[in-house]
Amino acid sequence: MNQLSSFLSALRSTTLEATVLVGHLLLYPTGLRQERPLTGPESPTDICGPRPVLLIHGFVDNRSVFTLLRRSLARHGWQQLIGLNYSPLTCDIRAAAEQLGQRIEEICERTGHSQVDIVGHSLGGLIARYYAQRLNDGTGTGTGTRVHTLITLGTPHSGTRVVPPMSAHPIVRQMRPDSDVVRELAGPAPGCRTRFVSFWSDLDELMSPAETARLDHPDLLTRSVRVHGVGHLAMPVHWAVTARIRQELTESGLTRPAGETSAGAA
């Protein structure tokens, strides 16, 4: 019975992945352009509202992957949602994190907010984590003055061993378990105040092992959310994940979250 249940779960996940892939290929052209810069706040109430949310895509992708998540957040009151594209020619996570920092400073200046929240899918989550952990305050100590909450979806925090043929690309090599970037992020991170929430799935075919997408670090404020039966591409669009993202973005406390929770069954 367990084997049949596992087979059916994998079959549902594969079917969903294929459906998401087709839909994403259709939407992909709509996300090629960068978004227009945000304008300044029209009134003090704009600054008192939810923090701006930055959406950062994965490898060889663009901001269109967050179309459904963005609509869901907008329906529930988030007004300042920014999908950021980084170049497919990006070859270094550290350099991409520095560029992200520049964009965050621009967004804070334009919106009047002193902090942002980030949702990063796959590689996008690793770029955002490097910024939040290492460059967040501009001094290299990563004390977390700009990023309040970072949510990662299927991000290889401990490195992944899949797709070896793609390791010819420098940024793919940086996502390997033995890379300098992964080792650097595993090192001490005293004083970082950013709140990290890592979503990981038992059927994420690009994370090997699947638990590599779970962020565990003794110096960081972390919470992991296990998602059942959802593949890598479906993470940003699955209803249970979307609902849990809204919940995590609503929480404002910086106390250390305890243990691991679940986003529900697929």
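The values are calculated or read from the model by the stated rules, or taken from the named source; none is laboratory data. On a predicted model such as this, the values are computed, not experimentally measured, just so you know. Cβ: placed from backbone, ideal geometry, glycine included. Neighbour counts: every protein chain shown. We work out accessible area using only protein heavy atoms, side chains counted, and drop any ligands, DNA or RNA first. Shrake-Rupley method; radii C 1.70, N 1.55, O 1.52, S 1.80 Å.
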Spin-label model distance (nm) - A74 vs E98, 7 Å beyond Cα toward Cβ: 3.4
R161 accessible area, assembled protein chains, probe 1.4 Å, Å²: 140
Extension gain from R176 to H228, taking 0.36 nm per residue of separation minus the Cα-Cα distance: 16.3 nm
Accessible-area order (highest first, 1.4 angstrom probe) of the listed residues L135, L68: L68, L135
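How many percent of the accessible area of the range 181-231 is carbon or sulfur, using a 1.4 Å probe?
Working: 1010 of 1830 Å².
Accessible surface attributable to carbon and sulfur in the range 181-231 totals 55 percent.
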Mean Cβ count within 10 Å, highest first, over the residues of peptides 117-129, 171-183: 117-129, 171-183
Rough spin-label spacing in nm, given labels placed 7 Å along Cα→Cβ, for C108 and E251: 2.4
Accessible-area ranking of T155, T145, T14, T67, largest first, probe 1.4 Å: T14, T145, T67, T155
Residues Q115 and T261, FRET efficiency given R0 of 30 Å [Cβ-Cβ distance, rounded to 0.05]: 0.80
Largest to smallest accessible area among Y86, Y131 [probe 1.4 Å]: Y86, Y131
